[in-house]
Amino acid sequence: MRILIVGSGGREHALVEVIAKSKIATELFCVGHNAGISSLATMVPLALSNHAGIVEFAVQHAIEFAVIGPDEALVAGLADVLEAQGIPCFGPSKIASRLEGSKAFAKDFMVRNHIPTPSYQVFSDIAAAREYLSRCSFPVVVKADGLALGKGVVIAETHEEAEQALEAMMVQKIFASSGQTVVLEEFVSGPEVSLLVLSDGTQVKPLVSCMDHKRVFEGDKGPNTGGMGVIAPNPFYTEQIATQCMKSIVLPTIAALKREGSPFVGCLFFGLMLTSQGPVVIEYNCRFGDPEAQVALSLLDGDVLEILLSCRNGTLDQVSVESRKASACSVTLASGGYPIAYEKRKIITVGNLPMGVSLFHGGTAYDEDGQLVSDGGRVLHVVGKGKTLAEAMCVAYQAVDVISYEGKQYRKDIGIRALQEEEHGSSCVHNPYS
Ligand code: AMP
Ligand code: GLY
């Protein structure tokens, strides 16, 4: 089977790697640039926004199945245009992707379907938003409605900070049209869980639960990033909580999407917060998480291509989706200065990697001399696997030590909080860093 993977970051490298192992995959193509992926797939240098070019390529190369990674392509309707040309896709339609494409839509969807989520108000008029700020309690969470590369959420501790965020989004338009509408949301706290769930529109099968580390610095300090590391399974996501989340969040979401005429085919990412009042949805993403995919796919058993196909074909109930009883830890190696300003084209050297490590490229390229160089903010994702979380972390960090480039930036505490929870088994729902 000839497969096209759309997108070329660490998430897509992980997808390409598992798909390449499938017994039914014959040839792989990947839209974008990535030195790591280029050893497994033929790279197709088209922009993600070039839907006509991607469709033309897929038709000309007799692509039999397309797997779409990034949110911007899904929200802009790439799955719809490929399907319209007879190319089956893993990835939701444009209307199903609204859950990520518009936070206001997602919040209204949750409220009308009784899915627990923090309270909120939606504003397209800055005067009305300011008036709300004059009487709300702080902290308050200011969210740009549309896609904003993971930077559209501001936790405003004070009235002044909230005003600044509104001004930046609605007046200075730092996220262009994505900030025309804002959601002002109640601040809640508790451990966070990234839950990736596969769906064929009706059936759902969850992957292993993950814990992301979004802030750039150790101890959860500094600005948010695309993700500085992930561990799985997430020890806060106990069996009891999993049962509760399936019943009150996951199944009602999938059923409501179908009922409302937008069945979800693909991977739905639930950003959950386990508050003292119970689990709530902080966000939906209409795609695999990055770097969650790197650990969840590394732990997934079976032929992943067959699983993805079953989502498209409405036969998810006929395949087994089981994660190995092991742990994984992914440490992101970023460029110095990420996520603000950073330099690219730094030469990367990789020594002998220990057993149990996979290296997924986020932003890499080969320079004119054929040397591996950095080519993005998140450069490499180093995934260690082990029988226990401690073992997975140890292997991942041993591998981190044999990789060098100028300005290499990473967090040394990926997994520490999860280890503490495993060791003390506390039912603490407060962030120890706050
Ligand atoms: P998002 O892009 O929606 O995932 O938000 C980024 C991060 O902001 C989340 O991972 C949370 O840590 C935080 N966040 C979002 N919404 C809330 C909220 N209502 N209360 C507290 N923290 C939040
Ligand atoms: N790691 C968070 C995300 O993919 O949105």
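Might you check whether a residue that is within 14 Å of ligand 1 (Cβ to nearest atom), at pLDDT 95 or above and among the small types (Gly, Ala, Ser) occurs anywhere in the range 264-276?
yes
Provide a single number: the residues in the range 322-337 that are assigned to a loop (DSSP other than H, G, I, E, B) and either basic (Lys, Arg) or open to solvent by 20 Å² or more (accessible area, probe 1.4 Å) (or both).
The qualifying residues number 6.
Just wondering, is there one or more residues in the range 150-159 that are within 16 Å of ligand 2 (Cβ to nearest atom), surrounded by fewer than 21 Cβ atoms within 10 Å (Cβ to Cβ) and part of a loop (DSSP other than H, G, I, E, B)?
yes
For the range 256-304, what are the residues that are buried (at least 24 other Cβ atoms within 10 Å of the Cβ), in contact with an Asp or Glu (Cβ under 8 Å, 6 or more places away or on another chain) and β-branched (Val, Ile, Thr)?
Answer for the range 256-304, where residues must be buried (at least 24 other Cβ atoms within 10 Å of the Cβ), in contact with an Asp or Glu (Cβ under 8 Å, 6 or more places away or on another chain) and β-branched (Val, Ile, Thr): just Val265.
So, of the residues in the range 140-149 that are within 11 Å of ligand 1 (Cβ to nearest atom) and open to solvent by less than 40 Å² (accessible area, probe 1.4 Å), which turns out to be modelled with the lowest pLDDT?
Ranking the qualifying residues of the range 140-149, first place goes to Ala148.
Which of the residues that make up the range 37-55 are among the small types (Gly, Ala, Ser) and surrounded by 22 or more Cβ atoms within 10 Å (Cβ to Cβ)?
Hit for the range 37-55 is Ala41, nothing else.
Can you name the number of the only condition in (1) outside any helix (DSSP H, G or I); (2) within 28 Å of Arg259 (Cβ to Cβ); (3) touching an Asp or Glu at 6+ places or on another chain (Cβ under 9 Å) that His114 fails?
Only one criterion is unmet by His114, namely (3).
Within the range 261-295, can you find the residues that are in contact with a helix residue (DSSP H, G or I) (Cβ under 6 Å, 6 or more places away or on another chain), within 20 Å of Val154 (Cα to Cα) and of a type in the set (Phe, Trp, Tyr)?
Scanning the range 261-295 gives a single hit, Tyr284.
Among the candidates Ile307, Ile340, single out the residue that is in contact (Cβ under 8 Å) with a residue 40 or more places away in the chain, surrounded by fewer than 19 Cβ atoms within 10 Å (Cβ to Cβ) and of a type in the set (Val, Ile, Thr).
Ile340
Got at least one residue in the range 130-139 being open to solvent by 50 Å² or more (accessible area, probe 1.4 Å), assigned to a helix (DSSP H, G or I), over 26 Å from Glu72 (Cα atoms) and not polar (S, T, N, Q)?
Within the range 130-139 (the criterion being open to solvent by 50 Å² or more (accessible area, probe 1.4 Å), assigned to a helix (DSSP H, G or I), over 26 Å from Glu72 (Cα atoms) and not polar (S, T, N, Q)), the answer is yes, since at least one residue qualifies.
Tell me which residues, restricted to the range 56-104, are touching a Leu at 6+ places or on another chain (Cβ under 7 Å) and surrounded by fewer than 19 Cβ atoms within 10 Å (Cβ to Cβ).
Phe57, Glu72
Would a scan of the range 89-111 turn up a residue that is within 15 Å of ligand 1 (Cβ to nearest atom) and in a loop (DSSP other than H, G, I, E, B)?
Checked the range 89-111: at least one residue is within 15 Å of ligand 1 (Cβ to nearest atom) and in a loop (DSSP other than H, G, I, E, B).
Collect the residues in the range 174-200 that are in a loop (DSSP other than H, G, I, E, B), open to solvent by 50 Å² or more (accessible area, probe 1.4 Å) and touching a residue at least 24 places away in the same chain (Cβ under 8 Å), keeping them in residue-number order.
Scanning the range 174-200 gives Gln180, Phe187, Ser189.
Considering only the range 223-237, state which residues are away from ligand 1 (no atom under 13 Å from the Cβ) and among the β-branched types (Val, Ile, Thr).
If the condition is that a residue be away from ligand 1 (no atom under 13 Å from the Cβ) and among the β-branched types (Val, Ile, Thr), then Ile231 is the only one that fits.
Being within 30 Å of Leu299 (Cα to Cα) and touching a Phe, Trp or Tyr at 6+ places or on another chain (Cβ under 8 Å) is true for just one of Ala148, Ala144. Which residue is that?
Ala148
The values are calculated or read from the model by the stated rules, or taken from the named source; none is laboratory data. What you see is a predicted model; the values in this text were computed from it and never measured. All Cβ positions, glycine included, derive from the backbone under ideal geometry; neighbour counts span all protein chains shown. These accessible areas exclude ligands, DNA and RNA; they are computed on the full protein's heavy atoms, side chains included. Shrake-Rupley method; radii C 1.70, N 1.55, O 1.52, S 1.80 Å.
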